[in-house]
Amino acid sequence: MVNETLVRVFHNHVEGRAFVLRNREMREAELSPRMQEGVRRVFGVDLTAEQVVTRIIADVRARGDDALLHYTREIDGVDLESLEVTADEIDDAYRVVPADTVAALEFAADRIRRFHEKQHIDSWIDFQPEGALGQIVRPLERVGLYAPGGTAPYPSSLLMTAVPARVAGVEELIVCAPPERDGRIAPVTAVAARIARADRVFKLGGAQAIAAMALGTATVPKVDKVFGPGNIFVVLAKRQVYGEVAIDALPGPTETLLVADDSADPMLCASDMLAQAEHDAMASAILITTSPDLAQRVSTELLRQLTVLTRESIARQSLETNGAIVVVPTVQDAFDLANDYAPEHLCLLTADPWSQIAQVKHAGGIFVGEHSPEVLGDYTAGPSHVMPTGRTARFSSPVNVADFVKIISIIGLNERGLRHAGPAAIEIARAEGLIAHAAAVEQRLERLRPE
């Protein structure tokens, strides 16, 4: 391993593989000193993030709106008179947000809608001589969407969940977004909520927002499923309320993995890695390449481009902690490592990327060629950018229409179907020791007329 600049460069691919695949399971992150100080100020004692979330959820369950107002005042520093965002406040947001930004959000929403309209999940009934079997697809009645704030608002994340929900036919969309110091949510988030046709919007952030949507209060309606990314408190709150409601996922830090050969442009490789790294100090940007020359040039280019970023310190920490460039002997080695990593975003910057898609087993999204940077997937390509992280792409999918519907099975057998399926059902029931199960079928068979 040669640490040439701010990112690790592995010319020994075995060492590189070990670094890239080091334990990536979601674990409770240690709270920063600033967060620990905030916990002591709000609760009067030192608590872990898990303990903080447990207390907040219990308090919201017990005191409802009073608890929500309390934590908004103590954690966010905002003393609210009302939790709900009014139509006038959203109108005011349109006067603040630049027209070009509004147009861009509308453009993105249209692309997202048109993409998801192509995903057909339909009801069906199959009528056969033995009767009918089928499925009814029903949209969820009410879903809750969390729109994170923190260091910056993310209206794109709201569109990426709300628009597929509308395509699926969800009846009611509830949005929660943290308030700013003036007691309003970020104007750009308010605009995105209206573009997405949200029914109600609330000034709530953190674990208290998740608790409100999961449990319901006098003001905030209880939802059927909660969606949206957030900080460690939001993620832990989603984990704790699972069972009260459904959740989309437990998102971890965002990640991008590039597979590149000697045809790749080092400037573009570096820019894609930096675009990922500036998200969060815990984000991961990985390059796997068959070209030692590309590895060296990208390493140099990263340092050059980093210096002009407004979020330089965040990107630097991300690359120094989690970034890596790994040189592998063959393209097959690159895809073997990529599949083991199971990235949220997989970027193919090779001479013939379309021919290599068949080698991808696990990824949240595949970005094919240099004209399809992951940034377009973040905003305007069309698929939802809410994708599985932390190797969960091995068994889960990006947010899509299927996440907003449920399936009801239809079983309508006739006499012929009962005769055919009944004896085996009796046998299995008796093998399981469930005599009443067997009798429920036997009694019906005895009443049938002889064939």
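Please treat every number below as a calculation from the coordinates, not as lab data. Treat the numbers as computed from the prediction; the structure is a model and nothing was measured. Cβ sites come from the backbone with ideal geometry, for glycine too, and all protein chains shown count toward neighbours.
Using only helices, what value at 222 nm comes out for the chain when you add -39,500 (n - 2.57) per DSSP H run of length 4 or more and divide by the total residues, to the nearest 500 deg cm²/dmol?
On the way: 17 runs with 201 residues, N = 451.
Dividing the helical sum by the residues of the chain leaves -14000 deg cm²/dmol.
Which whole-Hz ³J(HN,Hα) couplings does the stretch 303-310 yield from phi under the Karplus relation 6.51 cos²θ - 1.76 cosθ + 1.60, θ = phi - 60°, glycine and proline marked x?
Once rounded to whole Hz, the list reads 5, 5, 6, 4, 5, 9, 7, 6.
Here are a few candidate values for volume of the Cα convex hull per residue in Å³: (1) 201; (2) 116; (3) 131. Which one was actually calculated from the structure I just gave you?
Correct label is (1).
Could you pull out the pairs from Lys225/Lys406; Lys118/Lys203; Lys203/Lys406; Lys118/Lys238 whose alpha carbons sit more than 23 Å apart here? List each step's numbers first, then the result.
Working: Lys225/Lys406 11 Å; Lys118/Lys203 34 Å; Lys203/Lys406 29 Å; Lys118/Lys238 30 Å.
In this structure, Lys118/Lys203; Lys203/Lys406; Lys118/Lys238 exceed 23 Å between Cα atoms.
Quick one: which residues, 5 or more positions from Leu145 or on another chain, have an amide H under 5 Å from its amide H? H modelled 1.01 Å from N in the peptide plane, none for Pro or chain starts.
Amide H to amide H, under 5 Å and 5 or more residues apart or across chains, Leu145 pairs with Ile174, Val175, Cys176, Phe227.
With a 10 Å Cβ neighbour count serving as the proxy for reagent exposure, in which order, fewest first, do Tyr146, Tyr242 appear? It would help to have the intermediate numbers written out before the result.
Details: Tyr146 28, Tyr242 13.
Arranged by neighbour count, lowest to highest, Tyr146, Tyr242 become Tyr242, Tyr146.
Using a 10 Å cut-off around each Cβ, can you sort His13, His371 from fewest to most neighbouring Cβ atoms? Intermediate results must be reported in sequence, preceding the final value.
Numbers: His13 19, His371 8.
Listing His13, His371 from fewest to most nearby Cβ atoms yields His371, His13.
I need Lys203, Lys406 ordered by Cβ neighbour count within 10 Å, fewest first.
Values: Lys203 23, Lys406 14.
The fewest-first ordering by Cβ neighbours comes to Lys406, Lys203.
Report the calculated FRET efficiency for Asp92 and Glu130 (r = Cβ-Cβ distance, R0 = 51 Å), to the nearest 0.05. Kindly include the intermediate steps, with their values, before the conclusion.
Numbers: r = 62 Å, r/R0 = 1.22.
Efficiency at R0 = 51 Å is approximately 0.25.
So, by mean Cβ neighbours within 10 angstrom, what's the order for 290-300, 38-48, 222-232 with the highest one leading? Could the numbers behind the result be given before it?
Working: 290-300: 19.0, 38-48: 13.2, 222-232: 23.2.
Ranked by mean Cβ neighbours within 10 Å, highest first: 222-232, 290-300, 38-48.
With contacts defined as alpha carbon pairs under 8 Å and 6 or more residues apart, what's the relative contact order of the stretch 174-223 in percent? Mind dumping the intermediate values first?
On the way: 54 pairs, mean separation 19.3, N = 50.
It rounds to 39 percent for the stretch 174-223.
How much length is gained if the chain between Ala421 and Gln359 is pulled fully straight, taking 0.36 nm per residue apart and subtracting their Cα-Cα distance, in nm to one decimal? All intermediate terms of the calculation are to be shown ahead of the outcome.
Values: separation 62, 0.36 × 62 = 22.32 nm, distance 4.19 nm.
Here the segment from Ala421 to Gln359 would lengthen by 18.1 nm.
Label Arg114 and Arg239 with points 7 Å out from Cα along Cα→Cβ: what is the distance between them in nm?
4.0
Averaging sequence separations of C-alpha pairs under 8 Å and six or more residues apart, then dividing by the length of the chain, give the relative contact order as a whole percent. Numbers along the way, then the final one.
Details: 864 pairs, mean separation 89.5, N = 451.
It rounds to 20 percent for the chain.
Quick one: Cα centre-to-centre distance for the stretch 174-234 and the stretch 261-308, in angstrom?
Taking the Cα centre of each part, the stretch 174-234 and the stretch 261-308 sit 35 Å apart.
Under the classification rounded if a/c is under 1.5, otherwise prolate if a/b is larger than b/c and oblate if not, where does the stretch 250-333 fall, given a ≥ b ≥ c as square roots of the Cα gyration tensor eigenvalues? Present the calculation step by step, with values, prior to reporting the outcome.
On the way: a/c = 2.39, a/b = 1.39, b/c = 1.71.
It comes out oblate by the Cα gyration axes.
What's the extension gain from Arg63 to Thr330 if we count 0.36 nm per residue and subtract their Cα-Cα distance?
Values: separation 267, 0.36 × 267 = 96.12 nm, distance 6.01 nm.
Value of the extension gain: 90.1 nm.
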